[in-house]
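The values are calculated or read from the model by the stated rules, or taken from the named source; none is laboratory data. What you see is a predicted model, and the numbers here were worked out from it, not measured in a lab. We place every Cβ from the backbone using ideal geometry, glycine too, and count neighbours over all the protein chains shown. The protein model used for the area step is the full one, side chains on, heavy atoms only, and it has no ligands, DNA or RNA in it. Shrake-Rupley method; radii C 1.70, N 1.55, O 1.52, S 1.80 Å.
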Amino acid sequence: MKKCTKCKIEKTETGFYKFSYASDGLHSWCKLCLIIGIKDAYLRRLYGIDLKKYEEILISQDGGCAICNKKEDTFLPLHNHRKSLAVDHNKLTGKIRGILCENCNRGIGLLNHDIKLLEKAIEYLNQF
């Protein structure tokens, strides 16, 4: 048994990643704390938000994609660590618009976030 230095919870050795530089060969943070820490650092570096803000946005969107509301890949980072939804932001201003599933994020990205192109796509689809 080993106590995580982050969450202070005692866990079995399988709850920690191997870390050859540590005296016991295990990382000092448990797997969940380490994953949360990495995700938090990633969000802070790329978007200027932390996991708490990400979770607030996701909850405000009823736990799903802001466009299609898909929830299958969603997670609340502070409670789970499955694959997360993408943070959608304005590439020019950096302002966060919402959280999207992979398909919706790719869709608007492939149309260069261009409202006129998106409107033309809607017109095209409405023809049929």
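The residue that is farthest from Glu102 (Cα to Cα), counting only those in the range 45-70 that are open to solvent by less than 70 Å² (accessible area, probe 1.4 Å) and among the small types (Gly, Ala, Ser), is Gly48. Within the range 7-66, the set of residues being assigned to a helix (DSSP H, G or I), within 20 Å of Cys104 (Cβ to Cβ) and in contact with a strand residue (DSSP E or B) (Cβ under 8 Å, 6 or more places away or on another chain) comprises Leu43, Leu46, Tyr47, Tyr54, Ile57, Leu58.
The number of residues in the range 67-90 that are assigned to a strand (DSSP E or B) and either touching an Asp or Glu at 6+ places or on another chain (Cβ under 8 Å) or modelled with pLDDT under 90 (or both) comes to 1. Only a single criterion out of (1) in contact with a Ser or Thr (Cβ under 9 Å, 6 or more places away or on another chain); (2) surrounded by 13 or more Cβ atoms within 10 Å (Cβ to Cβ); (3) at pLDDT below 90 is not satisfied by Phe19, namely (3).
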